[in-house]
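Peer 1: I have a structure I would like to understand better, so I am pasting it below and will then ask my questions one at a time.
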Amino acid sequence: MTPEPQQPSPMSPSFQHLMPVTERPAQVFVRGQGAWLWDAAGTRYLDWLQGWAVNALGHCPPEVAQALQTQAGLLLTPSPAVHNLPSLQLAEKLCALSGMDQVFFGSTGAEANEGAIKLARKWGRLHRGGAHEIITFDNAFHGRNLATMAASGKAGWDALFPPNMPGFVKALWNDIDSVKALLNDKTAAIMLEPVQGEAGVRPATQAFLQALRQLCDAQGVLLIFDEVQTGCGRLGALFAAQHFGVQPDIMTLGKGLGGGVPISAVLARSHACVFAHGDQGGTYAGNPLMCAVSLAVMDTLSQPAFLAHVRTMGALLRQGLQSLSQRWGLGEVRGVGLLLALELGSDRAAEVVQACRERGFLVNAARAHCLRMMPRLNSTEAEILEGLAVLDASLAQVLAPAMQNA
Ligand code: PMP
């Protein structure tokens, strides 16, 4: 007899039918509002994961809910083979805000980065004698499709799904000589995250980015910024390029661009806009539902007063993390704006994350030895102080016994 299909219940769901691609806590989350998430048991959490730096305005912000509702009653997906108004408006807005000239829309960061890689390869074929190699960096993270995995520099990834896509060579972070050593006639582009997020929040130095720009200009290769994590206000400037004062030839956006809905973008300056008909596409590319949401989100994120608020909250959080570091004898505080990491000095980040969760606070261990903070960009002072207080208590729980025994 065939058993009755099990009905999942929010209180006792079955986890068996999801492929176990990552370790997840047992809670099932059912509702989010602003800085807060609720699980099925009704427990409330202060959320500094925010969908992995996606919910720039927090959970279910009114801008997003309103734009979704309005656009859902107008037009969802007409097909990427015809124009729609929100995609035209968003492309125009993003170009005006970023100083780039044209846009291709996708749904995920990986898709945007793969689009950037294709653009660079085509540009190399047309303008640099068939050059196709892209210099990327150790510990970089550019996504999980096969091209962006090959572009990434995450330890162990090269062994996961061989054969790996060729055409990527890895330089050392913030080391211009290591880039120069790899650059040759085959090089089409240099691609990097202005702040390496998944690597544990490791900012490029401004001098390094300036040197890369000069090198690219002198050698005639493209500079690509993956701003999937650092763009859209996260650093307290609308784009990392603006924070560092270095303009790339190609820039990718994702995460915060949709404020919680899946949309990404490849932006390029006119000399790098080499796609012709048939080169690139996608069923959902530039669909009006996501573009309408992004327009509303970018309206808010691009206000100078909003970006000033991000910088103020970033400074408050940084100061608080520095005090915690001193108090508990921890390591450096790194990052820019509201993308910050606290180095613990030992591989105890998972324990701290768990202690925080038990106290109703969600935070990420970007690496075994460091915590990453990605609160909503419109965080209030009270939220920042509350997060710091819970972190303090959690550090006490994890570290104090060991300190007493020392
Ligand atoms: N690039 C960077 C810098 C990222 O941080 C991420 C996601 N963490 C990606 C690309 C991939 O984005 P997605 O998961 O939307 O494909």
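Peer 1: Of (1) within 23 Å of L338 (Cβ to Cβ); (2) within 16 Å of the ligand (Cβ to nearest atom), V21 satisfies all except one. Which?
Peer 2: (1)
Peer 1: I've got another one for you. Could you identify the single residue in A265, A350, A308 that is in contact with a strand residue (DSSP E or B) (Cβ under 8 Å, 6 or more places away or on another chain) and in a helix (DSSP H, G or I)?
Peer 2: Exactly one of A265, A350, A308 is in contact with a strand residue (DSSP E or B) (Cβ under 8 Å, 6 or more places away or on another chain) and in a helix (DSSP H, G or I), namely A350.
Peer 1: From (1) in a helix (DSSP H, G or I); (2) in contact (Cβ under 8 Å) with a residue 60 or more places away in the chain; (3) within 24 Å of the chain's Cα centre (by Cα); (4) more than 25 Å from G260 (Cα to Cα), pick out the condition that doesn't hold for L324.
Peer 2: The number of the failed condition is (3).
Peer 1: A follow-up question, please. I'd like to check something: does the range 230-248 contain any residue that is part of a strand (DSSP E or B) and within 13 Å of the ligand (Cβ to nearest atom)?
Peer 2: At the first step, the residues of the range 230-248 found to be part of a strand (DSSP E or B) are none.
No, the range 230-248 contains no residue that is part of a strand (DSSP E or B) and within 13 Å of the ligand (Cβ to nearest atom).
Peer 1: Something else about it: Just to verify a result, which residue in the range 249-262, among those that are part of a loop (DSSP other than H, G, I, E, B) and within 14 Å of V297 (Cα to Cα), is least open to solvent (accessible area, probe 1.4 Å)? Steps first, please.
Peer 2: In the first step, residues of the range 249-262 are kept if they are part of a loop (DSSP other than H, G, I, E, B); the result is 249, 254, 260, 262.
Add one more test, that the residue is within 14 Å of V297 (Cα to Cα), and what stays is 254, 260, 262.
Working: G254: 1, G260: 44, P262: 78 Å².
Among residues in the range 249-262 that are part of a loop (DSSP other than H, G, I, E, B) and within 14 Å of V297 (Cα to Cα), the one least open to solvent (accessible area, probe 1.4 Å) is G254.
Peer 1: May I pose another question? Which of the residues belonging to the range 45-72 are hydroxyl-bearing (S, T, Y) and under 18 Å from V28 (Cα atoms)? Give the steps one after another, and end with the answer.
Peer 2: Within the range 45-72, the subset hydroxyl-bearing (S, T, Y) is 45, 70.
Matches in the range 45-72: Y45 only.
Peer 1: Hey, does the range 399-406 have a residue that's modelled with pLDDT of 95 or more and either in a helix (DSSP H, G or I) or open to solvent by less than 10 Å² (accessible area, probe 1.4 Å) (or both)?
Peer 2: The initial filter retains those residues of the range 399-406 that are modelled with pLDDT of 95 or more, namely none.
No.
Peer 1: Do we find that D217 is away from the ligand (no atom under 12 Å from the Cβ) and touching a strand residue (DSSP E or B) at 6+ places or on another chain (Cβ under 6 Å) in this structure?
Peer 2: Numbers: away from the ligand (no atom under 12 Å from the Cβ): yes; touching a strand residue (DSSP E or B) at 6+ places or on another chain (Cβ under 6 Å): no.
Considered against the rule, which asks whether it is away from the ligand (no atom under 12 Å from the Cβ) and touching a strand residue (DSSP E or B) at 6+ places or on another chain (Cβ under 6 Å), D217 comes out as no.
Peer 1: Of (1) more than 15 Å from the chain's Cα centre (by Cα); (2) crowded, with 24+ Cβ neighbours inside 10 Å; (3) among the charged types (D, E, K, R), R269 satisfies all except one. Which?
Peer 2: So R269 meets the others, but not (2).
Peer 1: Now for a separate question. Is it the case, given these coordinates, that K180 is in the same structural domain as R128 (by TED's automatic domain parsing), assigned to a strand (DSSP E or B), open to solvent by 60 Å² or more (accessible area, probe 1.4 Å) and free of Cβ contacts under 8 Å to residues at least 60 places away in the same chain?
Peer 2: Values: in the same structural domain as R128 (by TED's automatic domain parsing): yes; assigned to a strand (DSSP E or B): no; open to solvent by 60 Å² or more (accessible area, probe 1.4 Å): yes; free of Cβ contacts under 8 Å to residues at least 60 places away in the same chain: yes.
Considered against the rule, which asks whether it is in the same structural domain as R128 (by TED's automatic domain parsing), assigned to a strand (DSSP E or B), open to solvent by 60 Å² or more (accessible area, probe 1.4 Å) and free of Cβ contacts under 8 Å to residues at least 60 places away in the same chain, K180 comes out as no.
Peer 1: Moving to a separate point now. With (1) open to solvent by 10 Å² or more (accessible area, probe 1.4 Å); (2) within 16 Å of the ligand (Cβ to nearest atom); (3) basic (K, R) as the list, and K186 as the residue in question, which single condition is left unmet?
Peer 2: (2)
Peer 1: Now for a different question. Please identify the pairs in which a residue from the range 50-62 that is at positive phi and within 14 Å of the ligand (Cβ to nearest atom) has its Cβ atom under 8 Å from the Cβ atom of a residue that is assigned to a loop (DSSP other than H, G, I, E, B) and of a type in the set (K, R), counting only partners at least 6 apart or on another chain.
Peer 2: Q50/R376; A53/R234
Peer 1: If you check A81 against the conditions, is it free of Cβ contacts under 8 Å to residues at least 60 places away in the same chain and either among the hydrophobic types (A, V, I, L, M, F, W, C) or within 16 Å of the ligand (Cβ to nearest atom) (or both)?
Peer 2: Details: free of Cβ contacts under 8 Å to residues at least 60 places away in the same chain: yes; either among the hydrophobic types (A, V, I, L, M, F, W, C) or within 16 Å of the ligand (Cβ to nearest atom) (or both): yes.
So A81 passes the test.
Peer 1: Next question, about the same structure. If you scan the range 110-124, which residues turn out to be away from the ligand (no atom under 15 Å from the Cβ) and more than 12 Å from F275 (Cβ to Cβ)? Show your work before the answer.
Peer 2: Within the range 110-124, the subset away from the ligand (no atom under 15 Å from the Cβ) is 118-124.
Correct list: G124 only.
Peer 1: Taking the range 42-64 as the search range and keeping residues that are within 12 Å of G32 (Cβ to Cβ) and open to solvent by 50 Å² or more (accessible area, probe 1.4 Å), which one is farthest from the chain's Cα centre (by Cα)? Before you say what the answer is, go through the steps one by one.
Peer 2: Quick first cut of the range 42-64, residues within 12 Å of G32 (Cβ to Cβ) only: 44-47, 49-51, 54-55, 57-61, 64.
Next, only the ones that are open to solvent by 50 Å² or more (accessible area, probe 1.4 Å) stay: 44, 60.
Working: R44: 25, C60: 19 Å.
Looking at residues that are within 12 Å of G32 (Cβ to Cβ) and open to solvent by 50 Å² or more (accessible area, probe 1.4 Å), I get R44.
Peer 1: Return the total of residues in the range 349-374 being over 16 Å from W52 (Cα atoms), of a type in the set (A, V, I, L, M), open to solvent by 10 Å² or more (accessible area, probe 1.4 Å) and in contact with a helix residue (DSSP H, G or I) (Cβ under 9 Å, 6 or more places away or on another chain).
Peer 2: Residues meeting the conditions: 1.
The values are calculated or read from the model by the stated rules, or taken from the named source; none is laboratory data. As the structure is a computational prediction, the values presented were derived from the model and not from experiment. Backbone-built Cβ (ideal geometry, glycine too); neighbour counts: all protein chains shown. Each accessible area value is taken on the protein alone, full model and side chains, heavy atoms only, with ligands, DNA and RNA left out. Shrake-Rupley method; radii C 1.70, N 1.55, O 1.52, S 1.80 Å.
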